[in-house]
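Q: My questions will all concern the structure given below.
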Amino acid sequence: MPVFDFTQVKNENKEAAVTWFVFRSNESGTSPNQPMLVLKKLPGRMRHHIVGVFTPVNKRTAFEFDAEDGVAGCDILRIDARFTSLIAWLGENHIHVRLTGEETGEGYAVYKIRELALGGKGKLSAEDGFLQFMIGRLLQSSAPSAELPDEEAVEEGDVMRLTSLQSITDFLMCAGRTLPDNIRLWARRNLAVARSQEVSPEERRHAQRALSIMMNIQWKDNYFEAIDPLEARRILDEELYGMEKVKQRIIETIIQINRTHTLPAYGMLLVGPAGTGKSQVAYAVARILKLPWTTLDMSSINDPEQLTGSSRVYANAKPGIIMEAFSMAESSNLVFIINELDKANAGKGNGNPADVLLTLLDNLGFTDNYIECMVPTSGVYPVATANDKELISAPLMSRFAVIDIPDYTDEEKKVIFRKFSLPKVLKRMGMREEECAVEEEALDAIIASFRNSTGIRDLEQAAEHIAANALYRIEVDHVKTVTFSENMVRTLFE
């Protein structure tokens, strides 16, 4: 529920008729009961949609709109603290908008704002996507604890993805409060560089690129909503067969998040033979946490600079893989899947990539050489995989809770083949399950053929081979069904 403190906005301009009271809300959506702002009702019934402009704050806090008898104006009674700068920006730029709202006992409750093409009445402007982008960011942010000083609230100095200097400037003015303090200050400095004519074009280009990367990331707080353990268990059972101890550890992590509303202090390290489903577990964790995920393959990293980026002093400078992961996810809260962590010590003379990972895993913040700003990492949950934990350095191991994933037993492999692998392949090939059957002795022969290999990847390839052979017999020999016997399987795989 919104927290009402009814702090009246002050203004030094004596001509200003400031009318609104600020309320603070952390709701992520809007409705007549959870409005963005409330306007004073006029005599008669106000329409569901009203079209007009906000007047600049230094003149009068009102909305002027088209009425049946001409242009009418109504004061803003109260406003969500997150939207004060946005409304000021709309007024100062005389942007035509369409408000959607309902009359309530208090006034006209506005819960949607869309930008209109100039003179187009109901036609949306091409820039409405940018306005909705800013509104979305504001709704996902927490209400500011107090009003910022005027010089911070409004700063002098396209598209839904912020790339142009104008869109970045507008975003900082309207939604700058959604950024962590250090990133907001960093953005102002870089915006000054990007606009300056006293630096080289290369410096301006790098500053603008860095700004675009950072402004398109949604910087969230580290509060995590409760997760339904039953839904988490359903996802795990859907993705993984068996592995009861592994599932138990994951559910324990969920219960911990539900109690503290923060991520655990330690990441998750999944250790086991190849093909046992470690990556599948990692993806299931991201799905349960409802977070975007990104992967980092340590076997392909041989230079720390690949992770940390290069300095802007170089013409071909660029951010590192870790910063690019934030950019691709467009969120500061994400699951970072680190594959083959046991390969992290294989640097080639320019330093150890494993040392870079330590700064990411410590949750104290990460600094990319190209961005030159500390990125908060409290919303990053690392899930690493490895085949041999003996090859992982002690400092790295100490940052993870280790979960051993054993290989499947023969009985488990039989169930996986019959209930998961083969049905999945048949569905992909457009075949009915009755068209391809496997006798019990034939299934034993399949398992025996791959007894020396770990995991279930070979079983999935075997299912593909069997289904393809059955489809060949059906199409060429014109049979309706194929049932594989032990001898047929041995012939197929010899």
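The values are calculated or read from the model by the stated rules, or taken from the named source; none is laboratory data. None of the values given here were measured: they were computed from a predicted structure. Every residue, glycine among them, receives a Cβ derived from its backbone with ideal geometry; neighbour counts consider all protein chains shown.
Q: So which residues in the stretch 249-282 are crowded, with 18+ Cβ neighbours inside 10 Å and among the hydroxyl-bearing types (Ser, Thr, Tyr)?
A: THR253, THR276 - these are the residues of the stretch 249-282 that are crowded, with 18+ Cβ neighbours inside 10 Å and among the hydroxyl-bearing types (Ser, Thr, Tyr).
Q: Another question, then. For the stretch 157-213, how many residues are under 17 Å from SER332 (Cβ atoms) and part of a loop (DSSP other than H, G, I, E, B)?
A: Residues flagged as under 17 Å from SER332 (Cβ atoms) and part of a loop (DSSP other than H, G, I, E, B) within the stretch 157-213 amount to 4.
Q: Right, next: Looking at this structure, is PHE420 surrounded by 20 or more Cβ atoms within 10 Å (Cβ to Cβ) and among the aromatic types (Phe, Trp, Tyr)?
A: Working: surrounded by 20 or more Cβ atoms within 10 Å (Cβ to Cβ): no; among the aromatic types (Phe, Trp, Tyr): yes.
Taking the combined requirement at face value, the residue does not satisfy it.
Q: Could we say that LEU291 is within 16 Å of the chain's Cα centre (by Cα), of a type in the set (A, V, I, L, M, F, W, C) and either crowded, with 19+ Cβ neighbours inside 10 Å or in a loop (DSSP other than H, G, I, E, B) (or both) here?
A: Numbers: within 16 Å of the chain's Cα centre (by Cα): yes; of a type in the set (A, V, I, L, M, F, W, C): yes; either crowded, with 19+ Cβ neighbours inside 10 Å or in a loop (DSSP other than H, G, I, E, B) (or both): yes.
Taking the combined requirement at face value, the residue satisfies it.
Q: Moving on. Say whether the condition of being assigned by TED's automatic domain parsing to the domain that holds CYS373, at pLDDT below 90, in a helix (DSSP H, G or I) and among the polar types (S, T, N, Q) is met by at least one residue in the stretch 247-263.
A: No: the stretch 247-263 contains no residue that is assigned by TED's automatic domain parsing to the domain that holds CYS373, at pLDDT below 90, in a helix (DSSP H, G or I) and among the polar types (S, T, N, Q).
Q: Hey, another quick one. Are there helices (runs of 4 or more DSSP H) fully within the stretch 413-494 with at least 2 residues that are more than 26 Å from LYS278 (Cα to Cα)? List them.
A: Working: elements: 422-429, 440-449, 457-476, 486-493.
Filter on the stretch 413-494 gives 440-449, 457-476, 486-493.
Q: Go through the stretch 294-322 residue by residue and tally those that are closer than 30 Å to LEU236 by Cα and more than 13 Å from the chain's Cα centre (by Cα). Please lay out each step first, then the result.
A: Filtering the stretch 294-322 down to residues closer than 30 Å to LEU236 by Cα leaves 294-300, 321-322.
If we keep only those that are more than 13 Å from the chain's Cα centre (by Cα) as well, we get 295-300, 321-322.
The total comes to 8.
Q: Now a separate question. Could you identify the single residue in MET36, MET1 that is at pLDDT 85 or above, under 30 Å from the mean Cα position of the chain (by Cα) and not acidic (Asp, Glu)? If you could, list the steps in order and put the result at the bottom.
A: Values: MET1 fails: at pLDDT 85 or above.
Going through MET36, MET1 in turn, just one is at pLDDT 85 or above, under 30 Å from the mean Cα position of the chain (by Cα) and not acidic (Asp, Glu): MET36.
Q: Still on this structure, please answer the following. Taking the stated definitions as given, is GLU68 modelled with pLDDT under 85, outside the structural domain of GLY176 (by TED's automatic domain parsing) and over 30 Å from LEU211 (Cβ atoms)? Don't jump to the end; show me each part of the working.
A: Details: modelled with pLDDT under 85: yes; outside the structural domain of GLY176 (by TED's automatic domain parsing): yes; over 30 Å from LEU211 (Cβ atoms): yes.
Yes, satisfied.
Q: What number of residues within the stretch 165-190 satisfy the criterion of being farther than 21 Å from HIS206 by Cα and among the β-branched types (Val, Ile, Thr)?
A: 1
Q: Further question: Collect the residues in the stretch 270-306 that are touching a Leu at 6+ places or on another chain (Cβ under 7 Å), closer than 25 Å to LEU459 by Cα and not hydrophobic (A, V, I, L, M, F, W, C), keeping them in residue-number order.
A: Passing the criteria: GLY277, LYS278, GLN280.
Q: Shifting gears a bit: Pairs please, first residue from the stretch 70-84 and of a type outside the set (A, V, I, L, M, F, W, C) and crowded, with 20+ Cβ neighbours inside 10 Å, second anywhere and modelled with pLDDT of 85 or more and in a helix (DSSP H, G or I), Cβ atoms under 6 Å, 6+ apart in sequence or on different chains.
A: ARG82/LEU138
Q: Do we have GLN256 as in contact with a Pro (Cβ under 8 Å, 6 or more places away or on another chain), under 30 Å from LEU211 (Cβ atoms) and among the polar types (S, T, N, Q) here? Don't jump to the end; show me each part of the working.
A: Numbers: in contact with a Pro (Cβ under 8 Å, 6 or more places away or on another chain): yes; under 30 Å from LEU211 (Cβ atoms): no; among the polar types (S, T, N, Q): yes.
Taking the combined requirement at face value, the residue does not satisfy it.
Q: Hey, can you tell me all the residues within the stretch 436-449 that are surrounded by fewer than 19 Cβ atoms within 10 Å (Cβ to Cβ) and not aliphatic (A, V, I, L, M)?
A: The answer is GLU439, GLU440, GLU441, ASP444, SER449.
Q: Please verify whether the stretch 459-478 includes one or more residues that are outside the structural domain of GLY277 (by TED's automatic domain parsing), out of contact with any helix residue (DSSP H, G or I) (no Cβ under 8 Å at 6 or more places or on another chain), at positive phi and surrounded by fewer than 14 Cβ atoms within 10 Å (Cβ to Cβ).
A: Just the residues of the stretch 459-478 that are outside the structural domain of GLY277 (by TED's automatic domain parsing), to begin with: 459-478.
Now narrow it down to the ones that are out of contact with any helix residue (DSSP H, G or I) (no Cβ under 8 Å at 6 or more places or on another chain): 461, 472-473, 475-478.
The next check asks that each one be at positive phi; those that pass are 478.
In the following step, the residues that additionally are surrounded by fewer than 14 Cβ atoms within 10 Å (Cβ to Cβ) were identified as 478.
Within the stretch 459-478, one or more residues are outside the structural domain of GLY277 (by TED's automatic domain parsing), out of contact with any helix residue (DSSP H, G or I) (no Cβ under 8 Å at 6 or more places or on another chain), at positive phi and surrounded by fewer than 14 Cβ atoms within 10 Å (Cβ to Cβ).
Q: Could you tell me whether the stretch 455-469 includes any residue that is of a type outside the set (Gly, Ala, Ser) and touching an Asp or Glu at 6+ places or on another chain (Cβ under 8 Å)? Quick ask: steps written out before the conclusion?
A: Taking the stretch 455-469 and keeping what is of a type outside the set (Gly, Ala, Ser), we get 456-461, 464-466, 469.
Checking the rest, the ones that are also touching an Asp or Glu at 6+ places or on another chain (Cβ under 8 Å) come to none.
Among the residues of the stretch 455-469, not one is of a type outside the set (Gly, Ala, Ser) and touching an Asp or Glu at 6+ places or on another chain (Cβ under 8 Å), which makes the answer no.
Q: Another one. Out of all the residues in the stretch 337-358, is one or more surrounded by fewer than 21 Cβ atoms within 10 Å (Cβ to Cβ), assigned to a loop (DSSP other than H, G, I, E, B) and touching a Pro at 6+ places or on another chain (Cβ under 6 Å)?
A: There is at least one residue in the stretch 337-358 that is surrounded by fewer than 21 Cβ atoms within 10 Å (Cβ to Cβ), assigned to a loop (DSSP other than H, G, I, E, B) and touching a Pro at 6+ places or on another chain (Cβ under 6 Å).
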